[in-house]
Amino acid sequence: MKIGNDIYYVGVNDHQVDLFEGQYVVPNGMSYNSYVIMDEKIAVMDTVDANFKAEWLANVAKVLNGAKPDYLVVQHMEPDHAANIENFMKAYPDTTVVANTKTFTMMGNFFRNLNLDGKKLVVANGDSLTLGKHMLTFVFAPMVHWPEVMVTYDSTDKVLFSADGFGKFGALDVEEDWDCEARRYYIGIVGKYGAQVQKLLKAAETLDIQTICPLHGPILTENLGHYLEKYDIWSSYKVESEGVVIAYTSVYGNTKKAVELLAQKLEEKGCPKVTVFDLARDDMAEAVEDAFRYGKLVLATITYNGDIFPFMRTYIENLTERSYQNRTIGLIENGSWAPAAARIMQGMFEKSKNITWLENNVKITSSLSEANEAEIEAMAEELCK
Ligand code: FEO
């Protein structure tokens, strides 16, 4: 696939991966993107996952058509992109590897036997490399998603090679909505680093970008304002859409009944959007994504071993470690004796900024009572305000 005049896509689709990065289900697979810029000097942009060595090297060789690459640009050392550096250098030993100091340190740690003496070009933030017609400028983007990450701007074709930025779950041979899987990817993987993404967006504002070439997901060529706007919302932790997320755990179905009643009342009152997640059974990453997408969250769980049910603990930790903030939260707790779940859940958000707590919460003792039904009615009323 050709992008612009001299840029070729040489990435691969992964439909075998069971859990991306060891934890994310990817029903439509994953793409590991890589690019070749054919100019007077030839640059290869990143490699791919270890399982795709042969396919990727064949893709590269086809584009090179007998020519020798001059540079391998390494923007990110995570193995989904960097696993084939050594294999590439075995195939093309005269290539110069272009990376920053942090990247070369990591490269030495990942590849103990790789000798790059005389084959390194160390770049600083803002440095440029001329290939002939194309001039590449390297912009450091630490913590989007690792500390060594840099993105690359080709001022000739106005292309931003954006590393993990603007990536999504899903292989390129499957058609699916960008926003949904890009949001789940962003919140899950980069969500903690909003401030660093904001910094990168500010740098991007100064560039004339017509194409975004990420390391995952489709190449973006049209309506770039849409993607930039989404990234601005997500990285500044703003509410993207009005709606209520209800996340619950239930052992014998009593807490679930409260959740179902609340969802029904919210719908009757015309709440714009209600999504419900059973944290023991539904995709945790999807439940985390929706908590960041919508403005209001209801957490429902039981007291368990003097704490809260494990899936709820994991869920809240997933939120707080990603800097969850600027949201409204309501609590439903259930306990047959010594209920403590509401207090424990609230305490877990102690360091979260700008959380508004609902005044109307629900305290169940074993099963729903008439008083609980009134509490749920009041909670629904307050959420719909
Ligand atoms: Fe796609 Fe952070 O690696």
Accessible area per residue in Å² at 1.4 Å probe, computed on the chain: 43 Å²
Karplus (6.51, -1.76, 1.60) ³J(HN,Hα), θ = phi - 60°, over the range 15-21, in Hz, Gly and Pro reported as x: 9, 9, 4, 8, 9, 5, 6
Cut-off under 5 Å, modelled amide H: who pairs with Leu121 long-range: Val97, Val98, Ala99
Largest to smallest accessible area among Lys230, Lys199, Lys168 [probe 1.4 Å]: Lys199, Lys230, Lys168
Percent RCO, i.e. relative contact order, over the chain, from Cα pairs under 8 Å lying at least 6 residues apart: 11 percent
Residues with amide H under 5 Å from that of Val276, placed H, sequence gap 5 or more: Ile246
Gain upon complete extension [Leu207, Ala58; 0.36 nm per residue less C-alpha separation]: 50.3 nm
For the chain: rounded, prolate or oblate by the Cα gyration tensor [a/c cutoff 1.5]: prolate
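Counting Lys +1, Arg +1, Asp -1, Glu -1, what net charge surrounds Gly22 among other residues with beta carbon under 12 Å of its beta carbon?
Here the charged neighbours net out to -4.
Classify the range 324-385 as rounded, prolate or oblate from the Cα gyration tensor: take a ≥ b ≥ c as the square roots of its eigenvalues, call it rounded if a/c is under 1.5, otherwise prolate when a/b beats b/c and oblate if not. Intermediate results must be reported in sequence, preceding the final value.
Details: a/c = 4.12, a/b = 1.31, b/c = 3.14.
Oblate shape, in that a/c is at least 1.5 and b/c is the bigger or equal ratio.
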Summed residue charge, Cβ within 13 Å of Glu175's Cβ, Lys/Arg positive, Asp/Glu negative: -3
Cut-off 11 Å between beta-carbons: net charge of the residues surrounding Met77, Lys and Arg +1, Asp and Glu -1: -3
Under 5 Å, built H, 5+ apart or other chain: amide partners of Tyr35: Val10, Met45
Phi-based couplings in Hz for the range 68-75 (Karplus 6.51, -1.76, 1.60; Gly and Pro marked x): 9, x, 8, 10, 10, 8, 10, 8
Highest-fluctuation residue, Thr206, Thr301, Thr152 considered, GNM on the chain with Cα pairs under 10 Å: Thr206
The range 255-385: antiparallel DSSP beta bridges as a percent of all, rounded to 5: 20 percent
Table column - 3J(HN,Hα) (Hz), the range 37-44, Karplus curve with 6.51, -1.76, 1.60, x for Gly and Pro: 9, 8, 9, 4, 9, 9, 10, 9
Antiparallel content of DSSP bridges confined to the chain, in %, to 5: 40 percent
Spin-label model distance (nm) - Lys385 vs Phe111, 7 Å beyond Cα toward Cβ: 5.9 nm
Sum of -39500 (n - 2.57) over DSSP H runs of 4+, divided by residues of the chain (222 nm, nearest 500): -9500 deg cm²/dmol
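If you take the beta carbon distance between Lys158 and Glu317 as r and set R0 to 45 Å, what does 1/(1 + (r/R0)^6) give as a FRET efficiency, to the nearest 0.05? Mind showing how you got there, number by number?
Working: r = 41 Å, r/R0 = 0.92.
It comes to 0.65.
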Of Lys269/Lys363; Lys202/Lys273; Lys199/Lys273; Lys202/Lys385; Lys133/Lys192, those spanning more than 27 Å from alpha-carbon to alpha-carbon: Lys202/Lys273; Lys199/Lys273; Lys202/Lys385; Lys133/Lys192
Cα gyration tensor shape for the range 136-222, rounded if a/c is under 1.5, else prolate or oblate: oblate
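Under a Cβ-only charge scheme (Lys and Arg +1, Asp and Glu -1), can you give me the dipole magnitude of the chain about the Cα centre, in debye to the nearest 20? Show your work: numbers first, answer last.
Working: 36 positive and 54 negative charges, 181 e Å.
Roughly 860 debye for the chain.
The values are calculated or read from the model by the stated rules, or taken from the named source; none is laboratory data. Just so you know, these numbers come straight off a predicted model, no measurement behind them. Using ideal geometry, Cβ is built from the backbone for each residue, glycine included, and neighbour counts are taken over all protein chains shown. In case anyone asks, the SASA skips ligands and DNA or RNA and just uses the protein heavy atoms, side chains included. Shrake-Rupley method; radii C 1.70, N 1.55, O 1.52, S 1.80 Å.
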